[in-house]
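Okay, structure first, notes after.
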Amino acid sequence: MTTPYHRTLPATFRHGARVPAIPRDIPEETPLALTFARETYAVMMGTPGDLADFAVGFALTEGIIATAGEIASIEVLNHAHGIELRMDLADSRIAALTKRRRRLAGPTGCGLCGIDSLAEAARSPPRVPHSRGVSPEEIAQALRAMEPLQAQNAATHAVHAAAFWHPAEGIVALREDVGRHNALDKLAGALARAGRDAAEGMVLLTSRVSIEMVQKAAMIAAPVLVAVSAPTAHAVQLAEAAGMTLVAVARRDGFEVFCGAERITAEAAAHVA
């Protein structure tokens, strides 16, 4: 993402005394309405970039569609108070939309707002496929490669990122957003639109891992989830139930494996293109 979705505003620093205002880059945050068949399904606050990816990824991780091809069309429409992501679905997915319909107004960072039952909040994720192992060095390499690609965070120090690492190619996609769930949805959409299989590599997050992040990763069949922050206890339980490898508290000096340790190998596996 090369467009700067942030603006420069004056800020006054105080450290014992008032100092002259200095410019500060801060991220944009815009209401994003996701509509299907001209009806609003959700309104989320998010960064107004990579919106087609966000639309597709949200529909995938919500279970509204199974593949990107089941969206017949996407329009990005600017309105006075926000942006509408207008989607038309293939006829075969209308029933799934009706089943999953909910109304939610999602503040930044909210991934479960507006759901209508406790069972829905704790829904079991699908099982992820078996996959190749990853080595500690590959995890470290992926994290190192991710950092310089976070252009929006480098400018603002206020947005999250989600990235996909492939053993033969390194980081092949990275998306940023003020909302961690949105960043993952944007990544999911980018992978789907490019025909990428999440089972072939690792998904990396700059945020903590809550249950909805595990649910979203499982919906795109990501077997390895790596995060720089810690998971919640429920997220670990769901990741284990999905057969996922959950690596968290990942730093330059190491990481912690909370489940799925069998995929962590001593050495990098040979990759055959």
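Provide a single number: the residues in the range 170-181 that are closer than 13 Å to G46 by Cβ and touching a Leu at 6+ places or on another chain (Cβ under 8 Å).
The initial filter retains those residues of the range 170-181 that are closer than 13 Å to G46 by Cβ, namely 175-181.
Cutting the leftovers down to touching a Leu at 6+ places or on another chain (Cβ under 8 Å) gives us 175, 180.
Of the residues in the range 170-181, 2 are closer than 13 Å to G46 by Cβ and touching a Leu at 6+ places or on another chain (Cβ under 8 Å).
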For this session: Name the single residue, out of those in the range 81-95 being closer than 14 Å to F58 by Cα and among the hydrophobic types (A, V, I, L, M, F, W, C), that is surrounded by the most Cβ atoms within 10 Å (Cβ to Cβ).
Result: M87
Exercise. Does A192 meet the test of being among the aliphatic types (A, V, I, L, M), within 25 Å of H6 (Cα to Cα) and open to solvent by 10 Å² or more (accessible area, probe 1.4 Å)?
Worked result: no
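Restricting to the range 45-72, name every residue that is part of a strand (DSSP E or B) and either farther than 21 Å from A192 by Cα or open to solvent by 10 Å² or more (accessible area, probe 1.4 Å) (or both). Spell out how you get there, then give the answer.
Going residue by residue through the range 45-72, those that are part of a strand (DSSP E or B) are 45-46, 71-72.
Scanning the range 45-72 gives M45, I71, A72.
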For this session: Give me the pairs, please: first residue somewhere in the range 65-87 and in contact (Cβ under 8 Å) with a residue 40 or more places away in the chain and under 25 Å from A221 (Cα atoms), second residue anywhere and open to solvent by 40 Å² or more (accessible area, probe 1.4 Å) and among the aliphatic types (A, V, I, L, M), beta-carbon distance under 7 Å, and either six or more positions apart or on two chains.
Result: L85/I74; L85/V76; M87/I74
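Can D116 be described as at pLDDT below 90 and either of a type outside the set (S, T, Y) or in contact with a Leu (Cβ under 8 Å, 6 or more places away or on another chain) (or both)?
On the way: at pLDDT below 90: yes; either of a type outside the set (S, T, Y) or in contact with a Leu (Cβ under 8 Å, 6 or more places away or on another chain) (or both): yes.
Yes; evaluated as a whole, the condition is true for this residue.
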For this session: Hand me the list of strands (runs of 3 or more DSSP E) wholly inside the range 153-263 holding 1 or more residues that are in contact with a Ser or Thr (Cβ under 6 Å, 6 or more places away or on another chain) and modelled with pLDDT of 95 or more.
Result: 160-166, 170-177, 224-227
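The values are calculated or read from the model by the stated rules, or taken from the named source; none is laboratory data. Computed from a predicted model, the values in this text were never measured in an experiment. Using ideal geometry, Cβ is built from the backbone for each residue, glycine included, and neighbour counts are taken over all protein chains shown. Keep in mind that these areas ignore ligands, DNA and RNA; they rest on the heavy atoms of the full protein, side chains included. Shrake-Rupley method; radii C 1.70, N 1.55, O 1.52, S 1.80 Å.
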